Structure formats: C-alpha cells, structure tokens
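What follows is one structure encoded as structure tokens, with my remarks underneath.
The values are calculated or read from the model by the stated rules, or taken from the named source; none is laboratory data. Because the structure is a prediction, the values reported are computed rather than measured. Here Cβ is always computed from backbone atoms with ideal geometry, including for glycine, and neighbour counts include all displayed protein chains. Ligands, DNA and RNA are stripped out before the accessible areas are found, and what is left, the full protein with its side chains, is counted by its heavy atoms. Shrake-Rupley method; radii C 1.70, N 1.55, O 1.52, S 1.80 Å.
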Amino acid sequence: MPFGGGNKCGCCQKTVYFAEEVQCEGKSWHKSCFLCMVCKKNLDSTTVAVHGNEIYCKSCYGKKYGPKGYGFGGGAGTLSMDTGEGLGIKPEVQAPHRPTNNSNSSKFAQKAAGSDVCPRCGKTVYAAEKVIGGGNSWHKGCFRCAKCGKGLESTTLADRDGEIFCKGCYAKNFGPKGFGFGQGAGALAHSQ
C-alpha cells in the first residue's frame, strides 16, 4: 500500500480508501469509477469482463472482442434490430393479422384428410408448429387474439364460437355491461 492511505484507482489514479474500494483482478477502483469503458454502466462482480487494464460490461466486451461474422449474432439473450439489409439480406415480412374467416367453427369440420387445419389461415397444421386452444389446432403464428392480434398462451386465452381472444378483448366484447362493470377502479363505460 503506497504512502497516502490506499491503493491507486485503476481508472483515475487517485487514492482509493477502504470505504469506497472495489477490487477486480488485483487492482483497486473507486465504486464511482468501476464503470464499463464503452457504455459507462455501473459494474459488479457478475457483470465485469476484463481485457488487460480495461474493464467492460459483458455486452460491450462481446461486441469489441468477441467473435465476428455470420453466425455470431450475440446469442439468444440479445435483441438486435439489424435486419441485415446492409448485407443484402431481405427482411422477412410478417403477414398482417386476419381474424378467422371459417364460418363453421366445428372441430370436426376443420379436419382435412385426417390432419389438422388452422382455423385462422386454413392451412394444414403440422406437429412441430401445433398449438391447441379453444378446441382447435393452430399455427404458433396464428395463435393470436382475433381483435387486437396479441400473442396468446393457454393461460391468457378465452374462446367463443371457435374464435380465440385475449382476456382483455374478451371481457370488453362479451363480458357483463352496465353500471358496476366498468374498466376498473370505479370507471363508467359509455357505449351506444
């Protein structure tokens, strides 16, 4: 420990006293200096990545020193809005949401040659993409609320007449109406 009461900070080179000390890789840092060199986020023992005398958050470290090129997109835990257009990759356009146009909601009327048919798009549903809800088999992409298009799960599903809805849209359209059945917290709904 050098003269002056403490070690020198790995960032600002000023004296680090015990009450404000963070240690990493045998070096001392002020808590306020223990930041990512790129994005300036606060770091701790679970988020720090060291490269020489520099400290980074794991995300910035991966961008700066991680593998580059096709197939190294950052992993399943990252979100990227890059569509690849700069590389000549055409972005996939999602089809617009369409409510079910099948007038016959019977489960048996939806069978074609022994296979399941999606009530939303009318195409065959194969086992790898099959989601069951409301008594029918759906494609994962078609398993959405008929009103708002929100993606559904078995716990967020309400069905009526062969169509599926999120619980919010179902309550608005088919739930009880009148005084005392507002949208919550004493609200009054005016419908004509």
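Some notes on this structure:
- Fully extending the segment from residue 172 to residue 140 would add 9.1 nm, taking 0.36 nm per residue of separation and subtracting the current Cα-Cα distance.
- Residue 132-residue 38 FRET efficiency (beta carbon distance; Förster radius 45 Å; 0.05 resolution): 0.45
- Mean separation of Cα pairs under 8 Å and 6 or more residues apart, divided by the residue count, gives region 1-67 a relative contact order of 20 percent.
- With a simple spin-label model that places each label point 7 Å from the Cα along the Cα-to-Cβ direction, the separation between residue 47 and residue 148 comes to 3.1 nm.
- Sum of side-chain charges, residue 145 neighbourhood, beta-carbon under 10 Å (Lys, Arg +1; Asp, Glu -1): +3
- Computed log10 I(q)/I(0) for region 1-67 at 0.28 Å⁻¹: -1.24, from the Debye equation with unit scatterers placed on every C-alpha and solvent omitted.
- Whole-percent carbon and sulfur share, accessible surface of region 1-67, 1.4 Å: 55
- Distance violations [Cα-Cα > 30 Å] among 58/140; 130/167; 63/140; 27/63; 41/140: 58/140; 63/140; 41/140
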